[in-house]
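The values are calculated or read from the model by the stated rules, or taken from the named source; none is laboratory data. Computed from a predicted model, the values in this text were never measured in an experiment. Counting neighbours? That spans all protein chains shown, and the Cβs are built from the backbone with ideal geometry, glycine included. Just the protein is used for accessible areas: all its heavy atoms, side chains included, with ligands, DNA and RNA removed. Shrake-Rupley method; radii C 1.70, N 1.55, O 1.52, S 1.80 Å.
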Amino acid sequence: MTKVLHVITDTNIGGAGRYLLNLVSYSDPSRFEMAVACPGGGKLQRQLLDLGIRVYELAGGEKSLRLADINQVRHIIAQENPAVVHTHASFSGRIAGKLSGCQVVFTRHGIGKVKKDTLHRFMAHVTTKLFTDAVIAVSRAVKVSMIDTGFPADMIKTIHNGIDLKGYDEVAPTLRVKYNISKDERIIGTVARLVPEKGCEYGIKAMPHILKEFPDTRLIIVGDGPLRPTLEELCRELGVADRIMFLGYRKDVEGLVADFDIFMMPSLTEGLSLALLEVMALGKPSVATEVGGTPEVIRSGTNGLLVPSKDERALARAVGDLLSSEIQAQKMGMMAKETVAKGFTAKLMADKTMDVYDEILRKAGKRQ
């Protein structure tokens, strides 16, 4: 059996962790046997163990590059003997994989800051050539960003994020009952980490404009992060604190989302949002900013609406359009569900990723 060792520096479950859980869940065990090296003691480790995945604990936290981590991963590789090392934001894992004679895959999950100066471009190009056999970008926008940063274009393959659709048709709405929200109120929902790149301040700034026309509207923000106190203060300053609820980090997201009338995603940058795919899979219409990989999922006017980033008035207008036409909103929600089912499933993502493993192993003469 051909083995793959995933190396991830996350302790808890962010976008990369959810990607990894979906990938290992839908990989074909007759093609590849999966194991994971990650920091111990976190939610990611627990969920991987629940899936029956072999987990090796990494000491030292969530840093991408440390000499001690290289040695640690090399020791794990010696025990596991994988043919492929697949890393997620762990440069130590890439170095350890190459030094151990493995084929190395690296997945870039987001766009981040693009450094285009000559030195950074040169270093990105050289280190990729030296320590990587294939790079996976979770959207075409991420691939373009990587090329702009100096990564070799011919090494990058776009494989869109995919989600596990099991149980989505049976999700029961829980938000209105749990928080005593009247059926007459319209719910706009956001699911995001409360960090600058998610642009939640613009969603909050859109609310005064929305409430002028639709006073019985409520914004629900699911997620937590360092900006929460600042965003709560912004709600008070704008006089909309009584119409906005912060629910913090939640495990029961699907049940909450099932009560949303509209999903709003005011991000400033996105690789390819798993939260967006999950909301679409529940048949919800979305208003999202036209950034990163989002336009690769949303066809504006068909399965959602796209607006410019950092524009609260555009957000408000688009939300108002959907609130004004329940039929249009329902049609977009159904198209959104169909979009995910056809092109953004975990199985499709896993199959394409395993094809990358096969390709680099054949090139190395380790596969017939």
Test result for L165, over 30 Å from S100 (Cβ atoms) and surrounded by 20 or more Cβ atoms within 10 Å (Cβ to Cβ): no
Checklist (1) in contact with a Gly (Cβ under 6 Å, 6 or more places away or on another chain); (2) within 12 Å of I262 (Cα to Cα) applied to T217, failing item: (1)
Filter result (open to solvent by 10 Å² or more (accessible area, probe 1.4 Å) and within 22 Å of E213 (Cα to Cα)) within segment 289-306: G301, L305, L306
Index of the failed condition, A336 passing every other in (1) closer than 19 Å to H209 by Cα; (2) open to solvent by less than 20 Å² (accessible area, probe 1.4 Å): (1)
Some residue of segment 118-128 being in contact (Cβ under 8 Å) with a residue 60 or more places away in the chain and either open to solvent by less than 50 Å² (accessible area, probe 1.4 Å) or not basic (K, R) (or both): no
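Please enumerate the residues belonging to segment 179-215 that are basic (K, R) and touching a residue at least 60 places away in the same chain (Cβ under 8 Å).
Result: R186, R193, K198, K205.
This table checks each residue for (1) among the aliphatic types (A, V, I, L, M); (2) touching a Cys at 6+ places or on another chain (Cβ under 8 Å); (3) not in a loop (DSSP other than H, G, I, E, B).
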| residue | (1), (2), (3) |
| --- | --- |
| G283 | no, no, no |
| V287 | yes, no, yes |
| G292 | no, no, no |
| L315 | yes, no, yes |
| D321 | no, no, yes |
| K337 | no, no, yes |
| L348 | yes, no, yes |
Count of residues meeting criterion [open to solvent by 50 Å² or more (accessible area, probe 1.4 Å), closer than 14 Å to D28 by Cβ and touching a residue at least 60 places away in the same chain (Cβ under 8 Å)] in segment 345-368: 3
